[in-house]
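Bear in mind that the values in this text are calculations on the coordinates, not laboratory data. Bear in mind that the values here come from a model prediction, so they are computed numbers and not experimental data. Cβ sites come from the backbone with ideal geometry, for glycine too, and all protein chains shown count toward neighbours.
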Amino acid sequence: VHTGERPFAELLPDSATWRRGELHLAGIALTDLAAEYGTPLYVYDEATLRSTARGVLETFGPLRARVSYAAKACALTGVLAVLREEGLDLDVVSAGEIEAGRRAGFRATQMHLHGNCKSDEDLLTAIRLGTHAIVADSVDELHQIDRLAGGPVSVWLRLRLPITAETHPHLQTGEGSKFGLSPGAELGAALAMVCSKSCLELRGLHTHLGSQIADPDLLRAAAEQLASRAQTLRSKGFRVAVVSVGGGWAVPYVPSDSHLPPGRVADALTVVVERNPELQLAVEPGRALVARAGIALYRVGSVKWSGGNRIIAVDGGMGDNPRPAMYGASYYVLPLKGANGRRTGPATIVGRYCESGDVLARGANLPDVIPGDLLCLPVAGAYQLSMASAYNLVPPPAAILVGADGPRPLLRGATVEDLLARDVWSAFAQKKR
Ligand SMILES: Cc1ncc(COP(=O)(O)O)c(C=O)c1O
């Protein structure tokens, strides 16, 4: 079955090899990592993070683009530090992500702040540190910035363009979504606000069409619309210098998925950059930089048959990976070893959480497995750990980075004690007694 050098290369990290029928990353057997760190376990491949970041920066270099990693995909400081070392800037959405960025060594001027309902703390943190820009999402937010700013603040305006990305509705962020200003009345009101408040310095226009976008022409259309608006504003005296088309480049999770490689995005945007030399292009890829670098390891807990289906339950699930339950995301699943020569057949991989929707993958082609066997989910580096929850009071898992320096911890697994530390009732009740 899964034999030879680097099968499924498009889904596995760069350093993946099969030795004696066993999957290794950076020369380390994943079964050894599972034994040492426990499961579920998220393993990030440093080589993939670096080569992907380098590739994106090389591709966008000739366009003089500002390339920022969207930290929401994975905000582990060890991952952020690697991406910073490679030369990326950072897109953040909260005071928490700003702090993670700082701990990873990013300067405030390398970060810009997104969010459709920023708290005063988010905005004050960005203002106090002097982030590159705050991306205002509503007219109300411009009032909020004006109230909090003690001096000039560089602002981009996020627009909801009439372009619909063909992707899951939960991943669409264009017209009809909660994000951004309408390009008509709301943009007009925002511009009036900018003109009347000296602290608001309009420097950029932004849009993000959604995620898992496979058609680069949509991104070109968005860039064209933003550039045309930016040029109109410049002719009226606004000092708009940046147009950002966000992220959303599709990555494959299963072999049949569409892929939008960075080179095709850059090719599509080149014409807009060439026609608008006064404007700097900005992009914000998230999953395209980290998804394939991460894999998730799970241990089989039980196998049963239900409704004619083989149901394999593993020790993680929607707590560490809510994507299948949230928007029907598909995954490929493979055994870490011992698949060769064994009978394979379809299986549904379910998690350990008390929800029928806690299904990690359907129709996985797997050999017979028994409790204790290890399974792996490739393309697990984005929007899994960063969206992990402690549902059922199950502690979210650990993550490690593997590379030339061997395995290095990124995140320790949570403990029940961690989860209950914020639950102050028993301490309070004991004091009263
Ligand atoms: C404003 C913005 N930029 C960039 C991204 C990154 O998207 P992706 O990870 O699909 O590239 C997102 C994702 O939600 C976003 O909202």
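Rounded, prolate or oblate, given the Cα gyration tensor of the stretch 39-109, with a/c below 1.5 counting as rounded?
On the way: a/c = 2.15, a/b = 1.18, b/c = 1.82.
It is oblate, given that a/c is not under 1.5 and a/b is not larger than b/c.
Quote the charge dipole size of the stretch 309-378 about the Cα centre in Debye, to the nearest 20; the model charges only the Cβ of Lys and Arg (+1) and of Asp and Glu (-1).
Using Cβ point charges on Lys, Arg, Asp and Glu, the stretch 309-378 gives about 260 debye.
Return the distance in nm (one decimal) between the two label points of a simple spin-label model at Leu57 and Cys117, each offset 7 Å from Cα along Cα→Cβ.
The modelled label-to-label distance comes out at 3.7 nm.
Sort out for me the Cα centre separation of the stretch 368-433 from the stretch 77-126, rounded to whole Å.
23 Å
Just to confirm a number: summing +1 for Lys and Arg and -1 for Asp and Glu over residues other than Pro216 whose beta-carbon lies under 15 angstrom from that of Pro216, what do you get?
Cβ neighbours under 15 Å give a net charge of -3.
Which of Lys72, Lys304, Lys197 comes first, and how do the rest follow, when ranked by fewest Cβ neighbours within 10 Å? Don't skip to the answer; put the middle values down first.
Values: Lys72 21, Lys304 10, Lys197 16.
If I rank by nearby Cβ atoms, fewest first, I get Lys304, Lys197, Lys72.
To make sure I understand the rule: partners must be aspartates and glutamates, Cα under 18 Å from the Cα of Lys431, and not fewer than 8 residues away in the same chain. Which ones qualify?
Hits, sequence-local ones excluded: Asp423.
I want to check the label-to-label distance for Val271 and Leu124. Put each point 7 Å from Cα in the C-beta direction and report it in nm to one decimal.
It works out to 4.8 nm between the two label points.
Using a Gaussian network model of the chain whose springs link C-alpha atoms within less than 10 Å, name the residue from Arg66, Arg54, Arg147 with the highest mean-square fluctuation.
Highest fluctuation among the options: Arg147.
Rank-order 373-382, 408-417, 237-246 by packing density, defined as the average count of other C-beta atoms within 10 Å over each peptide's residues, highest first.
Working: 373-382: 25.5, 408-417: 13.8, 237-246: 20.7.
My ranking of the peptides, most packed first, is 373-382, 237-246, 408-417.
Could you give the distance between the Cα centres of the stretch 247-301 and the stretch 204-230, to the whole Å?
Their Cα centres are 14 Å away from one another.
If the cut-off is a Cα-Cα distance under 23 Å, which lysines reach Lys337, setting aside same-chain residues fewer than 8 apart in sequence?
Filter leaves Lys304.
A 21 angstrom limit on the alpha carbon distance is what I want to check against. Which of Lys72/Lys118; Lys197/Lys236; Lys178/Lys236; Lys72/Lys197 exceed it?
Among Lys72/Lys118; Lys197/Lys236; Lys178/Lys236; Lys72/Lys197, the Cα-Cα distance tops 21 Å for Lys178/Lys236; Lys72/Lys197.
Quick check for you: which residues of the stretch 375-405 have the amide N under 13 Å from the point 7 Å beyond the Cα of Ser256 toward its beta carbon?
Output list for this probe position: empty.
Stretch Ala29-Val303 to full length: gain in nm at 0.36 nm per residue minus the Cα-Cα span?
96.2 nm
Given the options Leu123, Thr270, Val350, identify the residue whose Cα lies farthest towards the positive end of the charge dipole of the chain (+1 on Cβ of Lys, Arg; -1 on Cβ of Asp, Glu).
Leu123
Pick out, from Val194, Gly150, Leu401, the residue whose Cα sits farthest towards the positive end of the charge dipole of the chain, with +1 on the Cβ of Lys and Arg and -1 on the Cβ of Asp and Glu.
Result: Gly150.
Roughly how many debye, to the nearest 20, is the charge dipole of the stretch 118-169 about its Cα centre, given +1 on each Lys and Arg Cβ, -1 on each Asp and Glu Cβ, and no other charges?
Value, rounded to 20: 140 debye.
To the nearest 0.05, what FRET efficiency results for Asp418 and Ser196 with a Förster distance of 51 Å applied to their C-beta separation?
For Asp418 and Ser196, the calculated efficiency is 0.60.
Using the Cβ atoms and a cut-off under 11 Å, what net charge is assigned to the surroundings of Arg66, where Lys and Arg are +1 and Asp and Glu are -1?
Computed value for this residue: -2.
Taking a ≥ b ≥ c as the square roots of the Cα gyration tensor eigenvalues, with a/c under 1.5 meaning rounded and otherwise prolate when a/b beats b/c, else oblate, which class fits the stretch 87-187?
Taking the square roots of the gyration eigenvalues as a ≥ b ≥ c, the stretch 87-187 is oblate.
State to the nearest 20 debye the size of the charge dipole of the chain about its Cα centre, where the only charges are +1 on K and R beta carbons and -1 on D and E beta carbons.
Working: 44 positive and 44 negative charges, 77 e Å.
The calculation lands at about 380 debye.
Once phi is turned into ³J(HN,Hα) by the Karplus curve 6.51 cos²θ - 1.76 cosθ + 1.60 with θ = phi - 60°, what whole-Hz value does each residue of the stretch 48-62 show in order, with x for glycine and proline?
5, 4, 5, 5, 5, 4, 4, x, 5, 5, 5, 5, 8, x, x
Taking only Cα atoms and a 10 Å spring cutoff, compute GNM fluctuations for the chain and point out the largest among Ser177, Ser256, Ser94.
Looking only at Ser177, Ser256, Ser94, the biggest GNM fluctuation is shown by Ser256.
Rounded to the nearest 0.05, what FRET efficiency do Ala390 and Ala9 have when you use their Cβ-Cβ distance and R0 = 51 Å?
0.90
Round to the nearest 0.05 the FRET efficiency obtained for Arg64 and Asp405 when R0 = 41 Å and r is the Cβ-Cβ distance.
Values: r = 34 Å, r/R0 = 0.83.
Given R0 = 41 Å and the Cβ-Cβ separation, E is 0.75.
With the Cα gyration tensor of the stretch 293-354 giving a ≥ b ≥ c as the square roots of its eigenvalues, does the rule (a/c under 1.5 for rounded; else a/b larger than b/c for prolate; else oblate) give rounded, prolate or oblate?
Oblate, because a/c is 1.5 or more while a/b does not exceed b/c.
Using a 10 angstrom cutoff on alpha carbons, build the Gaussian network for the chain and name the most mobile of Gln110, Gln231, Gln384.
Top of the fluctuation ranking is Gln231.
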